[in-house]
1. Which value, in debye to the nearest 20, describes the size of the charge dipole of region 416-562 about its Cα centre when Lys and Arg Cβ atoms bear +1, Asp and Glu Cβ atoms bear -1, and nothing else is charged?
2. Determine ³J(HN,Hα), in whole Hz, for all residues of region 397-408 in sequence, where each value follows from phi through the Karplus function 6.51 cos²θ - 1.76 cosθ + 1.60 and θ = phi - 60°; x replaces Gly and Pro.
3. Quick one: what are the phi-derived ³J(HN,Hα) couplings along region 719-731, Karplus 6.51/-1.76/1.60 with θ = phi - 60°, whole Hz, x for glycine and proline?
4. Could you calculate the FRET efficiency of Ala686 with His852 from 1/(1 + (r/R0)^6), where r is the beta carbon distance between them and R0 is 51 Å, rounded to 0.05?
5. If you place +1 on the Cβ of every Lys and Arg, -1 on the Cβ of every Asp and Glu, and leave all else neutral, what size is the dipole of region 205-351 about its Cα centre, to the nearest 20 Debye?
6. With all protein chains present, how much of the accessible area of region 415-482 (probe radius 1.4 Å) comes from carbon and sulfur, to the nearest whole percent?
7. Give the residues of region 520-557 whose amide nitrogen is closer than 15 Å to a point set 7 Å from the Cα of Ile623 in the direction of its Cβ.
8. Which whole-Hz ³J(HN,Hα) couplings does region 359-370 yield from phi under the Karplus relation 6.51 cos²θ - 1.76 cosθ + 1.60, θ = phi - 60°, glycine and proline marked x?
Amino acid sequence: MLNNLTDTEEGEGGPNCQGDGNPKESSPFINSSSASDVEKSQQYNGKNMALFEEEMDNSPMVSSILSSLANYSNLPQGSKEHEEAENEEGAAPSKKKPAPSLGTLMGVYLPCIQNIFGVILFLRMTWMVGIGGVFGSFIIVFMCCSTTMLTAISMSAIATNGVVPAGGSYYMISRSLGPEFGGAVGICFYLGTTFAGAMYILGAIELLLIYILPQAAIFKMEGLEGADMEAAMLNNMRVYGTIVLSFMATVVFVGVKYVNKLALVFLACVILSILAVYAGVIKTAFEPPVFPVCILGNRTLISKGFDVCAKVIERDNGTVTTKLWKIFCDSEFLNATCDEYFANNNVSEIQGIPGVSSGILNLFGYYLEKGDFLEKRGISAMQDPEAVITNSNRYVLADITSFFTLLVGIYFPSVTGIMAGSNRSGDLRDAQKSIPIGTIAAITTTSIVYMSAVVLFGACIEGVVLRDKFGEGVDGNLVIGTLAWPSPWVIVIGSFFSTCGAGLQSLTGAPRLLQAISRDSVIPFLKVFGHGKANGEPTWALLLTASICEIGIIIASLDAVAPILSMFFLMCYMFVNLACALQTLLRTPNWRPRFKFYHWALSFLGMSLCLSLMFICSWYYAIVAMVIATCIYKYIEFAGAEKEWGDGIRGISLSAARFALMRLEEGPPHTKNWRPQIMVLVSVDAEHNVEQPRLLSLTNQLKAGKGLTIVGTSVVGTYLNNHAEAQQADQSLRKLMETEKVKGFSQVVISSNLRDGTSHLIQVGGLGGLKHNTVLVSWPRTWKHAEDNLRFRNFIEVVRETTAASMALLVPKNIAAYPSNGERFTEGHIDVWWIVHDGGMLMLLPFLLRQHKVWRKCKMRIFTVAQMDDNSIQMKKDLITFLYHLRIDAEVEVVEMHDSDISAYTYEKTLVMEQRSQILKQMHLTKNEMEREIQSITDSSRGSIRRKNPSNLRSQQSSGEPAGVSVEEKPEEEVQHSCCKSSDRLEDVLRKRTETSCPPATSWCYPTECC
């Protein structure tokens, strides 16, 4: 059969496609004409062939490497579509889209390389090695790279299980874990991408103002120190960051094609910069560059303001003070008063980059507090601990307090960007092959570069230079630039353009991610961001992205923004691993990834690493990110559009439901856990509308969403002829249940008559151990009319069947007069005429009703019956004590009645039985003795009934006593004659139940033992 399935279009599997030589049908429909069924077959192939849609691939087109480089783009799939739409404005639209032509190198590997290598490598990598040491930095790099590698394995499995369109990780998670998780993590990933744009812009501004054009600063920092200098720097970052953000947003708004044209330039800058660093490392082994660092005592001096690293020099046979002397002394003469630390310590000059053959290692960390001096290890200095520190602005100081977890948070953004390949799966010739190979190869490459960089930086550069974040001790050079060959400007210019390009790509990708979420309609208030220009450009989403990005610009610190986006990316990666693990463990039929080198244990390990890194980076940022995701999750669950994507959470729900049902099969529920599980029997009219809607109102008030509720009805007819009517009735039930806020299930059966349909509902309702134990049915309205005897006959059958099934029966009379869910009782009473032996059912029902807001302010009254010669006062005290132990607040009233008004059997079975039970407890009888005594009491009670009311004997036998033929075995005529001869006989039937210790006929509760 598989060989006969093919697409109808030639471009997607028509006559030009190669096959096995067997003839193929043009339509999957039997007896379909080729002219009339083309559209239908297209719809069939598009919507109903999900099992085989992975095999329906286009024929690949081979392109040369030069053409690939010319058309290289690092933009996501949606961005490229918008660019094509811009190019086609005003021209005739093409009839056929070009086939995907990107391979592993150009489509996955290089985009991932460009996204992973970023600003952190150029601006913070050397500082991290200096602060954390080679050991600590290697551990950080290894943890982060391991996390992304495990995530890439999980992502490859998900991405090769189908096509991943624009949206990337959002699409993966939402289709694997459902719209709630997908929307929550999608928003977090969007925020992470947006803050990444802010981080790249801040990095570009830092490169511009510190290393490229320091004189461009609006707020001058010369002569400032401490907090003033820091504030001036942050203000410069804010002003220039806002300007650059506005410019980039304008470029993206004008057209993504301009960003696309520069993608190859940005990629070349990244690759050339890294190659320049490795070339510089190799060169240091033979000819280290000259970057002297001036040390006073063991403190590193800022290299600006002096030309010679010495206090005095010999000139013209004399000793002359230097500019450094003038900085720390009040005059240029040798007898001047100088700074105490300057006077007590010597000035030395060390080589900032001794080279890889020098033998330095920088193995261990050197964590600093904010404001600490950068000191050279191994050099002693004379210092008075109580002396006041002066001229602190002449030393290189730590700008922030550093610790291990901070380094993790700052470094992690440098390993993100692994989704670049999966986001472009629609542009790949063979996505099933290219995504795993390209992504894992890119992560392997970048991991090797990062790990080798940690070792090489520690082996080539002096420790004080590594800890010098802004290169103040090496003439304001970028520290990694001092290592580069042939010039530090290669790194400065290359990193500047690469960070600008990364910022543009973030501002291009984030709005399209938000647009993908908005168009899925999972978050209602984001629908406006799904609209844009005529070509689909997300204008409103771009505006929101720029506004959120401005928040990161206002923070103005690269070290403060990096941990924020680390949280969001880690949460996204955590759920990618969770999605893969769940799909693997659930073994859903649709889980058939082409990538086979995955395992649920690896996914769980990756998820655990992501969660650990979140709290290692910043526990409070982690909590904030989780709170944001939880709020979005609950909002989507409450107000989001319902989507059925076959997600794994639904599979978990099915597995959990099956497990719970199997547990319920182990035995009946304990008394403490018992609650009425209600089957509501309703009838529908010819228009399939429910005739007793207040039954569902009462059900809601009685259940409040707890336990099992089944609303059932019966349709007369056959299944083949009346299936559509049954579906309409089911929709009507569901609609009414939603209106009345009844949480439960609807069930409609089709039967030849209503009596059998109701019987089927009572018998087959529920599943396994989750079955109803109570039936709720309204009192028949026209039971007194002889011409409408079918209603009360069906009602009597319900009474008998619930008796046979040992179920409780709730019969509300005049149900139309019951309160709706919108009404409120400000006062009133719920009266209960209590019969002791009912097991407390009559106590439980009003208690449950009072939990609902309709009945909450009503009080409960308990009425019990006593004979004239009984001790009513003592009975009332006993009943109050009993209610106290039941923890039920109620008023107690004892009604004294004459013997003729009380059924003898009712009296013997209730009051006397309760008294005898108390006596038996006091006698401390064994269980067998107690059962024999109870049986003797019961036998004597029945004997007294026969003596007092011999006329009732026949009624008891006809209602189910073993002696004689049962009601079910009698012919229909005899049943009608004995129970339903006329409409007035219905109360006699119910009176028989009353005489067998049932509640009065006016009550609407008939518990199990009464039946």
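The values are calculated or read from the model by the stated rules, or taken from the named source; none is laboratory data. The structure presented is a predicted model; accordingly, all values stated were derived computationally and were not measured. Cβ: placed from backbone, ideal geometry, glycine included. Neighbour counts: every protein chain shown. When the accessible area is computed, the model is the full protein with side chains, heavy atoms only, and any ligands, DNA or RNA have been set aside. Shrake-Rupley method; radii C 1.70, N 1.55, O 1.52, S 1.80 Å.
1. 620 debye
2. Residue by residue, region 397-408 yields 10, 6, 7, 9, 6, 10, 7, 4, 5, 5, 4, 4 Hz.
3. Whole-Hz 3J(HN,Hα) from phi for region 719-731: 5, 5, 8, 10, 5, 5, 5, 5, 5, 5, 5, 5, 4.
4. Step by step, r from the Cβ atoms, then E = 0.95.
5. Result for region 205-351 is approximately 800 debye, rounded to the nearest 20.
6. The C+S portion of the solvent-accessible surface of region 415-482 is 59 percent.
7. none
8. x, 6, 10, 6, 6, 10, x, 9, 7, 10, 8, 4
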